[in-house]
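Comments concern the structure below.
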């Protein structure tokens, strides 16, 4: 059972957007998905409450901000949305639990440096074979200099950039209805789905043995 954790110690970088969409992608593939939220803001839990009954089901994983427990039985895929300021024992709990970690990262010098120590830690665990780690550029045009600088920074850490997600109102409008790109007609969000192809391919890769 793959456990995908969305993590970045900096707030406001798009963790909940990524978490809900990863869960939405798994659900669209017919998997039994649980989405957990240990962020005090409970954005992912709020989103689940908005999800319409006709949408593919995504179950709530009852975890809290002080204790991260093992995923419950009876599910095939788990996604965990984590809080800003993730460090110390919480960070260690996440590493023990996660099979894959996605770090959303915006292409500003402030975001990059605020996340540097965290990415260094993840790179060490990745090199030790403990977890698969990938970066997703958030609110960025992949054709810009900012995107190139983001790739260069991440490459220096030995971490892969899984994809670049553009800044669009589609995410805002869908979130307000408890939906993802994978819940609506592809023609409505074709450009955004194209950006997710490489991310989804990485999610579908077998877990490290």
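Computed from the coordinates by the stated procedures, all read-outs in this text should not be read as laboratory data. None of these values were measured; they are calculated from a predicted model. Cβ coordinates were reconstructed from backbone atoms using ideal geometry, including for glycine residues, and neighbour counts include every protein chain displayed.
If I take all pairs of Cα atoms in the chain, what percentage of them are more than 29 Å from each other?
On the way: 3832 of 21736 pairs.
Here the long-distance tail beyond 29 Å is 18 percent of all Cα pairs in the chain.
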Subject >> Ranked packing of 99-111, 138-150, most packed first, by mean Cβ within 10 Å >> reply: 99-111, 138-150
Subject >> Rough spin-label spacing in nm, given labels placed 7 Å along Cα→Cβ, for residue 198 and residue 123 >> reply: 1.9
Original post:
Out of 169, 195, 42, any idea which swings most in a Gaussian network model of the chain, alpha carbons joined below 10 Å?
Top reply: 169
Subject >> Computed label-point distance, nm, for sites residue 155 and residue 188 using a 7 Å Cα→Cβ extension >> reply: 3.8
**OP:** Can you pull the one-decimal nm distance between simple spin-label points at residue 32 and residue 176, each 7 Å off the Cα toward Cβ?
**Re:** 3.5
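Give me the percent relative contact order of the chain, please, defined on Cα pairs under 8 angstrom at least 6 residues apart. Kindly include the intermediate steps, with their values, before the conclusion.
Working: 371 pairs, mean separation 53.0, N = 209.
Result for the chain is 25 percent.
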Original post:
Among bridges DSSP assigns within the chain, what percent are antiparallel (round to 5)?
Top reply: 5
